[in-house]
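Just so it is clear, none of the values below were taken in a lab; they were calculated from the coordinates. Here the structure is a predicted model, which is why all the values come from computation and not from measurement. Don't worry about glycine lacking a Cβ; one is built from the backbone with ideal geometry, like all the others, and counts go over all protein chains shown.
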């Protein structure tokens, strides 16, 4: 329980300390602003946000609407998760008590299965019946999987459909909770249900685009910056995007090169403005991908121009074999956080349920540098790092003291969750049948 | 942090284990029922409930709408309190951010001042501005009190009124949070404000009656018992009440004696039904009192008939000198819980914010027996006892294992909070100006 909380290895000077001080000083305004926003836009049931803390900048780099690491949260946060789930699910099913969870199909990822078991456990403790409706095609009857890490058992049952309702056995839920990012598209069994599906089907990675999310985030960052009298760049990663990229066939190469060049220039200008002497870099990734595949770091246009066959194959190998068809080029944000005896590169991941920060952990990777994607082979988690919850500041501490650093993380993570909420709302409106 | 959780000193057999097993098995139904109730009736902003666990019966004996022991909660529950406060206050002041807390006037009770400081701290961390508006008549300017137990400082400011709004200095709050039970009546400064006062003024002890609360509780207990197919007596303390009692002048003596006799008979009948061999007893207390004054145990009518002068004076000495004018005679519930190296008699106190259980502690008193009021000289608190939150059960444990025992406590405490919610709603409707 006493795992050391990482300190930034660079001296904290300039903008970030100023940013954190401002967030602390203005926390009642920030909280009032968030309250107002959540009245306008319903928060996602759950979300997780990967942050990068560069010392001079603190920004989200990925927002996940199907978080897969609830098993990595500090068990001390369990009551917080349960309370937030009660608030969130109550809004969806005020009087009902039955839910079905639809997880990913990959049953060999034992850590993922622990996440599913933890989610079932939390929602059960929140006072709901919860059964797992699996989409695995060759699962024909209820199957109990022993979980090697925790010693728990996980019961998978095949999801069935009768009319416009899904069920497992004779158990008919009031709503379907997705923990499956639908990378391969929306399965027939989930289309046009009478039951509510959360998050909405159109938020799966088959349809969702990172550039769309970060467009909403840019707006949120502008609003927050206006509220606080700050430059939004301090928490907003610049980005550009290209459609129709095929790395194997070198299609869309000019768009990619041009946008990498422009973005590197924009970052360099910002670095100059703030007197930052680090080298600018960008991250190129699938605009609709996940799982850390198809992600690369580029420090120059040549890095793109001179990609070899292996790098091209890597960039094309998104989850479940989907070809990358569009790409986002995102400002690379250094992480200067290190953790553990091996000084592994670290980035915080913040978990939210409804409008509440419910915990987090550090993603570590000793094999990766501070300009690289850490969601890659060698990745591990430090579940105990966030001993303090990050939703509330302590005015008696300095900005770089533990609860306060985490408060700043919680603010930026919630900005990303708010962007996701607006993204969901916009998607819902697009999907709604039009009045004739 | 590893303080042992007390076990009942009597063997747990019969009804309570059965009751706890039922609560555990039916927890999704119980939670769904509570959700439905909270949609109908807004929960109190905060409340605390004293429980007594007799082994064969688990019941609330007092429900406080101005809880004064937030400093006794396990600090690990802080995030839970903050999250619940955000939910609760958001409902009251969705976009505002300024609150004033009106505490009790007794500045020499240093533990109470710690409670006030903890409340201010929690609400500040929830993202609201919070200042203390004191009613102390001779407080003419802002005063900082050093708190000896925690080393914190508490800033009291005189509450002022301009027109129909109260303020401290030029700070005008959106709502007034009462942590003052108004035993001495409603002060002029708080009457007919444009700002919301929480809880409503009519819930102060100048107007509130325990018998009214336990009347609402009886209804809640009946409904829960019907849901679960149980005898409501297993969690409902029987009671009777008498108006117009003056112990000094022996006024109302016959009413008291008659009702004590009837109640002892009713309890004896229930004990017989369940094969309980303990001696029945009743608690006589002020129907509108608090602070443990004016509370006595009676095992027979003679205990009432033969009260000496000293006992009569004690029964007349309610808080702030008010004379007792009506009394509640409540079924005495044994507590068979003991805690600490001295085996002190113990009873759990459960704290709630909004609809959520946010922690609790044991009230201990080594100088008192298991048939007596523990809120008396010799009282101390064990803040670490509730290491587990009591709002959620663990289906993998037996009914008397820790999280599950606490789940049962949380259910019964929330039943009392629901009774208080209905009491508040009824009071509000009575107070509302009638349409002509």
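The table for this structure:
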{"quantity": "Hydrodynamic radius by Kirkwood, which averages 1/r over all alpha carbon pairs of chain A, in angstrom", "calculated": "22.4 Å"}
{"quantity": "Helix B:210-228 vs. chain B, principal-axis angle (Cα, 0 to 90°, nearest 10)", "calculated": "60 degrees"}
{"quantity": "Beta bridge orientation in chain A: antiparallel %, DSSP, nearest 5", "calculated": "75 percent"}
{"quantity": "Chain B, relative contact order [Cα under 8 Å, separation at least 6], %", "calculated": "23 percent"}
{"quantity": "Surface/4 of the Cα convex hull for the stretch A:70-177, nm²", "calculated": "7.0 nm²"}
{"quantity": "Helical mean residue ellipticity (222 nm; -39500 (n - 2.57) per DSSP H run of 4+; nearest 500) of chain A", "calculated": "-10500 deg cm²/dmol"}
{"quantity": "Selected from A:31, A:273, A:382 as most flexible by GNM, with chain A as the system and alpha-carbon contacts under 10 Å", "calculated": "A:273"}
{"quantity": "Calculated FRET value between residue A:428 and residue B:257, using beta carbons and R₀ = 51 Å, to 0.05", "calculated": "0.15"}
{"quantity": "Cβ neighbours within 10 Å from other chains - mean over B:74-83", "calculated": "5"}
{"quantity": "Over the stretch B:39-180, relative contact order from alpha-carbon pairs under 8 Å, at least 6 apart, %", "calculated": "24 percent"}
{"quantity": "FRET E, pair residue A:18, residue B:249, Förster distance 60 Å, beta-carbon r, rounded to 0.05", "calculated": "0.25"}
{"quantity": "Tensor-based shape of the stretch A:72-130 (alpha-carbon gyration tensor, a/c under 1.5 rounded, otherwise prolate or oblate)", "calculated": "oblate"}
{"quantity": "Evaluated at q = 0.16, 0.19, 0.26 Å⁻¹: base-10 log I(q)/I(0), Debye formula over Cα of the stretch B:179-265", "calculated": "-0.88, -0.98, -1.18"}
{"quantity": "Cubic angstrom per residue, convex hull over Cα atoms of the stretch A:135-221", "calculated": "156 Å³"}
{"quantity": "Top of A:416, A:311, A:59 by mean-square fluctuation, Gaussian network on chain A, Cα under 10 Å", "calculated": "A:311"}
{"quantity": "Percent of C-alpha pairs per 10 Å bin, the stretch A:215-319, short to long", "calculated": "13, 40, 31, 14, 2"}
{"quantity": "Förster radius 30 Å - calculated FRET efficiency between residue B:379 and residue B:300, Cβ distance, rounded to 0.05", "calculated": "0.65"}
{"quantity": "Over the protein assembly as shown: Kirkwood hydrodynamic radius from C-alpha pairwise inverse distances, Å", "calculated": "29.6 Å"}
{"quantity": "Using alpha-carbon coordinates, inclination of helix A:27-40 to the longest axis of chain A, degrees", "calculated": "40 degrees"}
{"quantity": "Copies compared at residue A:308 - label distances in nm, ascending, label defined 7 Å from Cα in the Cβ direction", "calculated": "10.0"}
{"quantity": "Fully extended contour minus Cα-Cα distance, from residue A:222 to residue A:25, at 0.36 nm per residue", "calculated": "69.0 nm"}
{"quantity": "Cα-based Rg / Dmax (Å) for the stretch A:40-86", "calculated": "13.2, 37"}
{"quantity": "Rg/Rh for the stretch A:17-126, where both radii come from Cα atoms and Rh is the Kirkwood radius", "calculated": "1.02"}
